[in-house]
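The values are calculated or read from the model by the stated rules, or taken from the named source; none is laboratory data. Predicted model, so just to flag it, every value in this text is computed and none were measured. No Cβ is skipped: glycine too gets one built from the backbone with ideal geometry, and neighbour counts run over all protein chains shown. Surface accessibility is based on the protein's heavy atoms, side chains included, excluding ligands, DNA and RNA. Shrake-Rupley method; radii C 1.70, N 1.55, O 1.52, S 1.80 Å.
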Amino acid sequence: MSRVRRLSEFGRSAALLIVLISASHGEPKPAAATPRWDPNWWKGAVIYEVYPRSFADTNGDGIGDLNGITAHLDYLQQLGVDGIWITPFYPSPQVDFGYDITDYNAIDPQYGTMKDFERLVAEAGKRNIKVIADMVLNHTSDRHPWFVESRSSRTNPKANWYVWVDGKPGTPPDNWLSIFGHSAWQWDSARQQYYYHAFYIQQPDLNWRNRPVRDAMYDMIRGWMKRGVAGFRLDAVPQLFEDPKLQNEEYLPGYTAYGDRRTTRAHTDNLPEVHEVYRELRQVVDAVPGTVLIGETYLPNVAELAQAYGAKNDELQLPMDTQYGMHSSLSAELFRARLRDAETGLKGNVPLFVFDNHDNRRSWNRFGDGKHDAAIARLIATLLLAPRDTALMYYGEELGMSNNDPKSVDQVKDPIGKTGWPKEIGRDGERSPMQWDAGANAGFSTARSTWLPVAPNYATVNVSTETKDSGSLLNYYRSLIRLRKQNAALREGNLRIVDENNKDVLSFVRAARGITVLVAMNFSASPQTLSYPAAQIGISGRRLTVLAESFGSDGTPASLDKLVLPAFGAFIGELR
Ligand code: GLC
Ligand code: CA
């Protein structure tokens with residue numbers, strides 16, 4: 001939860017493809033090009049985040065790799081995912097486990113080779129799964145050749161590629177804080193200047209006011225499009241620009257987990273200039289229609305989120321909606337309000353809902369009450385997969401994987417956990433190895449030890465065991481994803497919230513092509529009996545045919561006159 005708080009504080013044809021990409025350089029587009037994929041494939045899609053270090057290890061070194069992802073594509077296809085977002089696999093000193101890049105056009109040898117990547121894209125394509133690459137635009141590693149050159153003097157060709165400011169050692173230019181703790185300014189003795197880093201010291205921020213930096217990044221993106229990537233998850237984009245006037249932030253009450261006085265982030269986060277870059281990025285990816293931009297947009301409200309789509313819908317197609325699922329209050333009223341925000345506040349655009357990722361405690365731990373955890377996990381699955389949204393999942397969420405937190409500071413791998421212990425314990429807990437089966441290392445690796453320890457619950461919480469159990473969370477996810485594709489109302493229907501004043505149960509109706517579906521979710525620990533007046537639902541039928549239930553039903557037929565939901569139960573039924 002501290003991480004939730006921390007983050008929310010800031011905020012097929014190769015030949016054809018080449019033609020399309022060169023078109024973006026000013027050459028005329030071919031008249032009637034066959035699209036490479038459905039340009040709208042991402043609307044309503046299920047996108048699955050893979051943290052490659054932790055997904056599957058095929059060479060026995062205890063660290064996951066690209067071939068491990070390829071080996072499990074059948075699993076992802078059976079789950080029903082449309083796309084996978086793979087967190088950074090580029091060469092990196094791994095200070096921030098890949099988010100500190102030294103070469104944007106290659107694969108880190110610990111994850112494999114470019115051939116492995118090409119095979120992964122090809123095999124995914126056969127299963128109709130798109131591959132989305134993580135793009136770290138805000139910063140590089142301090143060992144990237146650009147930074148090595150930039151720091152070497154004040155006059156070299158890359159001198160202006162990073163954010164350099166004069167100052168005196170010991171007196172940073174202002175009070176700006178790194179998101180990862182302490183001053184955001186680092187003194188460099190060669191240049192006798194400070195450089196800015198929104199994250200770790202080893203992650204100097206690029207200077208996005210410098211045109212050659214942008215052009216270099218856009219060319220690199222074109223390169224990955226040529227390699228068949230269907231989209232990009234844009235890391236830390238609210239941090240792209242800083243106020244050139246270097247004005248101090250205001251102090252807020254209290255201290256951060258790192259012991260710094262809390263401040264506003266008005267001069268470093270979500271400056272209006274980011275929109276110019278979003279539009280440029282969109283133009284770059286529009287060379288291949290349907291190449292999608294997912295934004296790591298931790299934004300404080302729906303109004304700011306709406307802006308990330310662009311005034312003319314010419315910016316990001318899928319900025320992450322962190323208001324909906326990135327918190328820890330299991331309240332029908334709160335989810336109803338956030339759902340309404342997304343329905344009414346995003347100009348009809350598709351929201352990207354997400355509960356779990358590699359930076360936040362797993363939803364199992366955030367929302368679980370220790371007693372109804374399994375039921376609550378099904379409720380979360382329903383909140384993610386039943387609305388009108390694109391759904392972003394995180395590996396293991398479908399199994400009910402929970403955080404496996406370090407017990408003492410010497411076990412911590414994530415540097416923020418070392419700086420912030422014990423208030424900020426780092427992100428290792430949500431990055432534990434994927435649980436494939438009940439065998440050694442949960443089937444993740446044959447190594448003697450794995451880079452992070454496997455969570456003790458792997459004996460029962462794993463793919464193999466849950467596949468065989470028709471009542472498992474995994475099979476609940478599979479059935480909801482299948483339903484979302486097969487049922488017209490859930491696939492393309494609008495969404496209308498009903499029974500609006502119920503403080504325990506969130507209900508909505510979705511309808512399309514003459515099919516009407518009711519979704520009802522009980523957020524309380526006691527059973528709830530519901531009845532819906534006909535006027536609210538808008539159709540005459542009263543009978544509910546069960547499409548999905550998160551609980552073992554006793555077989556009593558459900559209707560709009562009487563629907564009984566057990567504690568934290570979720571129900572999806574079609575009206576007849
Ligand atoms: C994003 C990533 C996070 C990383 C940070 C710095 O927030 O999701 O894992 O540490 O950017 O690159
Ligand atoms: Ca490996």
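Quick look at the values:
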| item | result |
| --- | --- |
| Separation of alpha-carbon centers, the range 328-358 and the range 74-116, rounded to whole Å | 29 Å |
| Computed accessible area, residue 394, all protein chains, 1.4 angstrom probe, square angstrom | 0 Å² |
| Coil-residue trypsin sites (Lys or Arg not before Pro) of the range 300-400, DSSP, other Cβ within 10 Å capped at 12 | 312, 347, 371 |
| Point-charge dipole on Cβ atoms (K/R +1, D/E -1) for the chain, about Cα centre, debye to 20 | 1060 debye |
| Mean Cβ count within 10 Å, highest first, over the residues of peptides 534-543, 191-200 | 191-200, 534-543 |
| Sequence-distant lysines (8 or more away, or on other chains) whose Cα lies within less than 30 Å of residue 413 | 115, 423 |
| Residue 473 - accessible surface, heavy atoms, 1.4 Å probe, Å² rounded to 10 | 10 Å² |
| Calculated from backbone phi, Karplus (6.51, -1.76, 1.60) coupling profile of the range 154-161 in Hz, x at Gly/Pro | 8, 10, 5, x, 9, 3, 9, 7 |
| 423, 130, 43, ranked by accessible area, largest first (probe 1.4 Å) | 423, 43, 130 |
| C-alpha center-to-center spacing [the range 181-243, the range 378-432] in angstrom | 26 Å |
| Antiparallel %, DSSP beta bridges [both residues in the chain], to 5 | 60 percent |
| Leading residue at positive end of dipole, the chain (Cβ point charges), from 98, 493, 77 | 493 |
| For the range 147-303, share of DSSP beta bridges that run antiparallel, in % to the nearest 5 | 75 percent |
| Mean-position separation - Cα centroids, the range 465-502 and the range 128-159, in angstrom | 41 Å |
| Signed unit charges on C-beta, dipole axis of the range 253-311, positive-most listed residue 301, 267, 254 | 254 |
| The range 438-498: trypsin sites (Lys or Arg not before Pro) in DSSP coil with no more than 15 other Cβ atoms inside 10 Å | 448 |
| Amide H contacts under 5 Å for residue 183, placed H, 5+ residues apart | 178 |
| Cross-link reach list, lysines versus residue 503, counting only Cα pairs under 26 Å and skipping chain neighbours closer than eight places | 371, 562 |
| Karplus-derived 3J(HN,Hα), 6.51/-1.76/1.60, for each residue of the range 293-298, Hz, glycine and proline x | 10, 9, x, 7, 9, 7 |
| ³J(HN,Hα), Karplus 6.51/-1.76/1.60, whole Hz, each residue of the range 537-543, x for Gly, Pro | 8, x, 10, 7, x, 10, 8 |
| Ranked packing of 314-323, 252-261, most packed first, by mean Cβ within 10 Å | 314-323, 252-261 |
| Point-charge dipole on Cβ atoms (K/R +1, D/E -1) for the range 169-216, about Cα centre, debye to 20 | 160 debye |
| Net dipole in debye of the range 222-362 [+1 Lys, Arg Cβ; -1 Asp, Glu Cβ; about Cα centre; nearest 20] | 420 debye |
| Positive minus negative residues near residue 161 (Lys, Arg vs Asp, Glu; Cβ under 13 Å) | +3 |
| Net charge, residue 523 excluded, C-beta distance under 12 Å - Lys, Arg +1, Asp, Glu -1 | -1 |
| Listed peptides 218-228, 64-74 by packing density, highest first (mean Cβ within 10 Å) | 64-74, 218-228 |
| Hits among lysines - C-alpha to C-alpha of residue 43 under 18 Å, sequence gap 8 or more where chains match | 130, 312, 347, 485 |
| Positive-end residue of 380, 536, 183, charge dipole of the chain with Cβ unit charges | 536 |
